[in-house]
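One structure below.
Coordinate-derived values only; no laboratory data. Everything numeric in this text was worked out from a predicted model, so none of it was measured. Here the Cβ is made from the backbone with ideal geometry for all residues, glycine too, and neighbour counts use every protein chain on show.
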Amino acid sequence: MVYRDENIRGCVPILSAWLVDHMENVNIHCIKVNWCAICVAHRDQLGLLPKRPYNERNHAAYERLWEASQNET
């Protein structure tokens, strides 16, 4: 890699990953337990493979509700 002082220096990228189980991920990111962030499956249905996919959550509607609740205060 050529730097601004026109010297060439070797560059070694550092890659890292954080592997966690589900409950540790819930704690780190403050995710609601027994709730799917992508689909509208009931918590009793989690872990089962459905015959047809569940409907996806409407995140735009959640955002509108959040903004409306913030404007009320």
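Near Arg57, the amide H atoms lying under 5 Å from its own belong to Cys39, Val40; only residues 5 or more places off or on other chains count, and H is placed 1.01 Å from N. When you work out D = kT/(6 pi eta Rh) for the chain at 37 °C and 0.692 mPa s, using the Kirkwood radius from C-alpha pairs as Rh and the Stokes-Einstein form, the result is 191 µm²/s. Using θ = phi - 60° in the Karplus curve 6.51 cos²θ - 1.76 cosθ + 1.60, the 3J(HN,Hα) couplings for segment 49-56 round to 8, x, 5, 9, x, 6, 5, 7 Hz; x is entered for Gly and Pro.
Label separation (Glu6 vs Cys39): 6.1 nm, computed from points 7 Å beyond Cα along the C-beta direction. The distance between label points at Arg57 and Glu24 comes to 2.3 nm (points 7 Å beyond Cα on the Cα→Cβ vector). Once both axes come from the Cα atoms, what is the angle between helix 59-72 and the longest principal axis of the chain, in degrees from 0 to 90, rounded to 10? It is inclined by approximately 80 degrees.
With contacts taken as Cα pairs under 8 Å and at least 6 residues apart, the chain reaches a relative contact order of 16 percent.
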